[in-house]
2 protein chains.
Amino acid sequence: MNPDLQNTISLLARTPGALDALLRDLPDTWTLRNEGEKTWSAFDIVGHLIHGERTDWMPRARLILDFGETRAFEPFDRWAQVRESQGKSLVQLLDEFARLRSQNLDELRGWNLQPEHFARRGRHPALGAVTLSQLLATWAVHDLTHLHQISRIMAHQYREAVGPWSAYLGVLQCAGHSS
Amino acid sequence: MNPDLQNTISLLARTPGALDALLRDLPDTWTLRNEGEKTWSAFDIVGHLIHGERTDWMPRARLILDFGETRAFEPFDRWAQVRESQGKSLVQLLDEFARLRSQNLDELRGWNLQPEHFARRGRHPALGAVTLSQLLATWAVHDLTHLHQISRIMAHQYREAVGPWSAYLGVLQCAGHSS
């Protein structure tokens, strides 16, 4: 397998387990609270990751392989999880994310992508031409963006509790660029 | 148990498992690379967390309980892991971190802290008076600061690979406040 793809899949395969180890059965203080109006909680983010597994990464990769630049990607709904996560528990969402991610990676491995595939281009509705290679790298960094965001949202809940130490805690200085 | 302490311990207990799920057997591209000169890799950070388990959190909590403000904390050595992690593998460090954290939390639970203990004050060498409650909250947010940093360091390795998507990926905009 292409070494970059191997690195990407290694990371993508670990995110559900890492979020599970961090969040499962954690008190609601950490998982259901957000950073204020129109911001997300860890619960919201797991729902967002699920929506991405269904509608973003693999469908876009298929579009690139099947249609190249002739068909633009569907825009991604960043608030879909509000509707889709309704009535579900965090444990259900973690299980669903793990299942979908695993299915998607099985399918991706099964494509047996060759060097020439990674340079194929598709059309992003706002960014223009993007390659399959960039899409796959973005899938991995998107996981990391949300891990980064989850750690910041959780730290936010203890912003006052740490007292004078807040000056030393980098996560509390993060300006919320990943919200 | 005090509900704040319960929340804090819930999080502290999960960090070793979350880092293990994320990092164990991940390719070196993700775990050994840093963000440039004088910055840390994920490997370095696990070593730093181990050093904190040995010399920072519990020793400082004991100082507060035993000596109050009469004895200042030892300054923390932020580069100790360079020496202490030498010759070890990431897997060894992850195991060591999990073992030390678990021992420390067992001891902390065994103290059976009462409401009056949390307000007790100690003396930080730079910050001045701090309470036991603030120290324990800081221990948890310190974990989150480093989870935040690890996600940023890992994302940095794909900074170029994501192409035009970099504009949408918050973790790539993070100015490194937690280095």
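Residues in segment B:71-118 that are open to solvent by 70 Å² or more (accessible area, probe 1.4 Å) and either on the phi > 0 side of the Ramachandran plot or touching a Leu at 6+ places or on another chain (Cβ under 8 Å) (or both): B:ARG71, B:GLY87, B:ASN112. Taken as a whole, the structure places B:LEU105 among residues that are over 30 Å from A:ASN2 (Cβ atoms), among the aliphatic types (A, V, I, L, M) and either outside any loop (DSSP other than H, G, I, E, B) or at pLDDT below 95 (or both). Could you list, in sequence order, the residues of segment B:44-69 that are without any contact (Cβ under 8 Å) to a residue 40 or more places away in the chain and over 30 Å from B:ASP20 (Cβ atoms)? Passing the criteria: only B:ASP66. Mind listing just one residue for me: the one in segment B:109-150 that is assigned to a helix (DSSP H, G or I) and more than 10 Å from chain A (Cβ to nearest Cβ) and, of those, nearest to A:HIS148 (Cα to Cα)? By that ranking, first place goes to B:LEU132.
Note on segment A:146-179: residues that are open to solvent by 50 Å² or more (accessible area, probe 1.4 Å) and in contact (Cβ under 8 Å) with a residue 24 or more places away in the chain amount to 2. Considering segment B:20-56, and only residues there that are within 12 Å of chain A (Cβ to nearest Cβ), part of a helix (DSSP H, G or I) and more than 14 Å from B:SER151 (Cβ to Cβ), the residue that is most open to solvent (accessible area, probe 1.4 Å) turns out to be B:ASP28. Condition check: touching a residue at least 60 places away in the same chain (Cβ under 8 Å) and basic (Lys, Arg). Does A:ARG121 satisfy that? When the stated conditions are applied, A:ARG121 does not pass them.
The values are calculated or read from the model by the stated rules, or taken from the named source; none is laboratory data. Bear in mind that the values here come from a model prediction, so they are computed numbers and not experimental data. Cβ coordinates were reconstructed from backbone atoms using ideal geometry, including for glycine residues, and neighbour counts include every protein chain displayed. For accessibility, only protein heavy atoms count, side chains too; no ligands or nucleic acids. Shrake-Rupley method; radii C 1.70, N 1.55, O 1.52, S 1.80 Å.
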